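Here the structure is laid out as structure tokens; the discussion comes afterwards.
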Amino acid sequence: MSKKSTFKRITGNHLFFPLVCLFVVLVVNVIKTPNFFAISLNNGVLYGYVIDVINRGSELVILALGMTLVTAASKGQDISVGAVMAVAAAVCTQILSGGETSVTQLQNSMLFAMLAALIAAALCGAFNGFLVAKMRIQPMVATLILYTAGRGIAQLITNGQNTYIRVESYKVLGGYISGCPIPTPIFVAIAAVIVIALLFKFTTLKLYIESVGINSNASRLVGLNSTRIIFIVYVICGFLAGIAGLVNSSRIYSADANNIGLNLEMDAILAVALGGNLLSGGKFSLAGSIIGAYTIQALSTTLYAMDVKADQLPVYKAIVVIIIVTLQSEVFRSFIKKLRTKNTGQGDMAPGKEG
Amino acid sequence: MSEKLQSKASTKKTLSSTTFLLFITIGLFIVMYVAGMILFADKGFSKPQMFCNLLIDNAGLIVISLGLTIVMITGGIDISVGSVTALVCMVSAYSMEKSGASVYMALLFSLGIGLAFGIVQGFLVSYLKIQPFIVTLAGMFFGRGMTAVISTEMISIKNETFLSWAQYKISLPVGTVNKKGIFQAAYIYPTVVIALLVLVIVFIMLRYTKFGRSLYAIGGNDQSAMMMGLNVKRTKFMAYIMSGFLAGLGGFLFCLNTGAGFVEQAKGLEMDAISASVIGGTMLSGGVGNPIGTLFGVMIKGTINSLITTQGTLSSWWVRISVAALLCFFIILQSIIGSKGKKKS
């Protein structure tokens, strides 16, 4: 009996499902590429598949944090994050280059450019937040506006060109700090996670977000300002998307409005769902989403290793999303429950007939 | 024309706020078109052919938006339509050019793809009660990805039957007299006729059939619709199937117009279709919507497009941005009208 309850306790844990997914993907990876976990040190920099997954997954982790909050509070997703990344990157590179297409010297201070980019991203978030919280529009319809217009705005900011910043200091954010073998994006992701975790540790924001997500009317009656909480969550999401955009832009030391963060909104939603969070809002687990994000990244790496083209990746991800949401859906769950009770019911009946 | 008037009159009786929205839409279209005629009179904006081109360019979008309107009336949404269009174009192009299928086969494939999307998405939304946005978002990525799986290259269609369909001109009694004094009749392509036919069918279905009325009832309040004895799940399912089918058909019309298949095709079309419906007075919350409004929504989008291309110096990104801004404006307008209605009741 006690054995069963331990088993149940483990499988019932909210992190069980995400960890199993990660485990499965990793096992597949090890089978495909036996040296998956091998890490080597070349030129003072760490190399290896695992490092690559963790490094490239940084943006996704940052986005997934914001997406988790948005999902929890507003029962919907922000599909504009990829476009917001492009906007942030465009603002940053445009300020740094001062309007030129390719520069080898910074035209403005980097701090100023990055701050401006983050403010622009937060403004995008605020726009989404205004539509969702104040105008009470379904989150996905509201964010659809920036999803399509965002890249257009980014194009307008850069005048339709790809601006290149060929300055070493700009490449640090997406590359390496000199002397440190670990890629910088990993630190950025960790920092973002820590800041959000501390925010939840020392404020009641997490509780508020969850209660608004579970029942925004009841929360309002209890005295919570649901509108403001949802608004704040969207601003945070936009801000985080801005950080992700800067990291991504720094990797390619340019702003490619058409490709930065392309299809990442789907990955972020997937990460949230894989993390065991309900896409219909309410209680959430950041740890789950982070595990989910790395799982997706590992999955992408696997698919790339299997010669799947970048354009074709969405097919597999879409199938995974559909499977997860089907498993999560209440109708499916109750159907399974019914099936189980039916089976046990028949099992009870059969010996009765014999007797 | 009589239909339009009739619809105006009857909506006036029942829902004044929605009539208000429809009037704004039609008014906006007229204002924009007249402004275009005045500003770009020298560039041929005032010719009847310009108006026909508006219909020709947007025939596919009209059909797709009508499908979306049906789904939105039930309170759902379908953002996979753009990808379905891309997939349909690609499959048509590939089947005709690379595997030698006939046009009829390509058309069948197109409708089949649309139906398949509709059935799967409809099942997930109506019977498994998953949020329509998530389901169709997955559908959107799936469709776009599948397009890339078939081919990442652009395939242009050279099939003769296909081209003869696409270029069969239907002359209209109106037209212009050119400099030499020869009368040039304005023309449309068969795609426009099909699109308008679909419009009439959808209009009749929504207004005069039991199924059409139950779509509105479910969108208004699915709980009470169920208590009235309507089969909510099946009706929603049917709505998604229709939307999928119309997306397939619209995709084929789109393909007739563009004559090629490539991965990036029809990117953002879902946005155009949604904004056309919303601008045309379809409520995002469901229960309200009018196919005539949708037609005007599409025409407004088309007018913005031709205004910006005729103007010439503005980047094509402005089309996206202005449509998004317009959508935003109408959503906020709806939200205000909606909250007013709630306060009254």
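Summary table
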{"quantity": "Unit charges on C-beta of K, R, D, E only; dipole of the protein assembly as shown, Debye", "calculated": "2200 debye"}
{"quantity": "FRET efficiency estimate (nearest 0.05) - Cβ-Cβ, A:F7 to B:V174, R0 60 angstrom", "calculated": "0.20"}
{"quantity": "5 angstrom amide H check on B:G289, placed H, neighbours 5+ away", "calculated": "B:M283"}
{"quantity": "Rough spin-label spacing in nm, given labels placed 7 Å along Cα→Cβ, for A:I252 and A:H14", "calculated": "3.5 nm"}
{"quantity": "Fraction of antiparallel bridges per DSSP, chain A only, in percent to nearest 5", "calculated": "75 percent"}
{"quantity": "Residue-span extension gain [B:Q184 to B:S316] - 0.36 nm each, minus C-alpha spacing", "calculated": "44.5 nm"}
{"quantity": "Cα-projected label distance for B:A35 with A:V24, points at 7 Å along beta-carbon direction, nm", "calculated": "5.4 nm"}
{"quantity": "Rounded to whole Hz, the Karplus (6.51, -1.76, 1.60) HN-Hα couplings of the range B:55-68, x for glycine and proline", "calculated": "5, 4, 5, 10, 4, x, 5, 4, 5, 4, 5, 5, x, 5"}
{"quantity": "Free-standing Cys residues across chain B, given no other cysteine C-beta under 4.7 angstrom", "calculated": "B:C52, B:C328"}
{"quantity": "Stokes-Einstein D in µm²/s, Kirkwood radius over Cα pairs - the protein assembly as shown at 20 °C with 1.002 mPa s viscosity", "calculated": "79 µm²/s"}
{"quantity": "Using θ = phi - 60° and Karplus 6.51 cos²θ - 1.76 cosθ + 1.60, couplings along the range B:305-318 (whole Hz; Gly, Pro as x)", "calculated": "4, 6, 4, 6, 6, 5, 4, x, 8, 6, 6, 5, 5, 5"}
{"quantity": "Mean projection area, nm², convex hull over Cα of the range A:48-329", "calculated": "14.6 nm²"}
{"quantity": "All-pairs Cα distance distribution in the range A:31-109, expressed in whole percent, bin size 10 Å", "calculated": "14, 25, 26, 28, 6"}
{"quantity": "Amide H contacts under 5 Å for B:L172, placed H, 5+ residues apart", "calculated": "B:A186, B:Y187, B:I188"}
{"quantity": "Karplus-derived HN-Hα couplings along the range A:197-212 (A = 6.51, B = -1.76, C = 1.60, θ = phi - 60°), whole Hz, x at Gly and Pro", "calculated": "4, 5, 4, 6, 5, 9, 10, 8, 4, 4, 4, 4, 4, 5, 5, 5"}
{"quantity": "Chain B, relative contact order in percent, only Cα pairs under 8 angstrom and at least six apart counted", "calculated": "32 percent"}
{"quantity": "Average silhouette area of the range B:22-338, convex hull of alpha-carbon atoms, in square nanometres", "calculated": "17.1 nm²"}
{"quantity": "Amide proton proximity set for B:A260, modelled H, under 5 Å, gap of 5+", "calculated": "B:I157"}
{"quantity": "Of A:V308, A:L279, A:I319, farthest towards positive along the dipole that unit charges on Lys, Arg, Asp, Glu beta carbons give the range A:229-320", "calculated": "A:L279"}
{"quantity": "Rounded to the nearest 20 debye, dipole of chain B from Cβ charges on Lys, Arg, Asp, Glu", "calculated": "1080 debye"}
{"quantity": "Geometric extent, Cα atoms of the range A:189-344 - Rg, Dmax (angstrom)", "calculated": "18.6, 61"}
{"quantity": "When each of A:K8/A:K309; B:K233/B:K301; B:K129/B:K210; B:K43/B:K169; A:K201/A:K338 is checked by Cα-Cα distance, pairs over 30 Å", "calculated": "A:K8/A:K309; B:K233/B:K301; A:K201/A:K338"}
{"quantity": "Area projected by the alpha carbon convex hull of the range B:132-227, averaged over all directions, nm²", "calculated": "12.1 nm²"}
{"quantity": "Mean Cα-pair separation over length for the range B:236-300, i.e. relative contact order, pairs under 8 Å, 6 or more apart, %", "calculated": "22 percent"}
{"quantity": "Which of B:F162, B:V192, B:F123, positive extreme of dipole for the range B:103-209 (C-beta unit charges)", "calculated": "B:V192"}
{"quantity": "Ordering of B:200-207, A:116-123, B:238-245 by packing [mean C-beta count within 10 Å, highest first]", "calculated": "B:238-245, A:116-123, B:200-207"}
{"quantity": "B:S224/A:R136 FRET efficiency (R0 22 Å; Cβ-Cβ; nearest 0.05)", "calculated": "0.55"}
{"quantity": "Selected from A:S289, A:N215, A:N263, residue furthest toward positive end of dipole (the range A:184-293; charges at beta carbon)", "calculated": "A:N215"}
{"quantity": "Percentage relative contact order, the range A:53-204, counting C-alpha pairs under 8 Å, at least six apart", "calculated": "33 percent"}
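Values quoted throughout were computed directly from the atomic coordinates according to the rules given, and no laboratory measurement underlies them. Everything quoted here is computed from the prediction, not taken from an experiment. Note: ideal-geometry Cβ built from the backbone for every residue, glycine included; neighbour counts use all protein chains shown.
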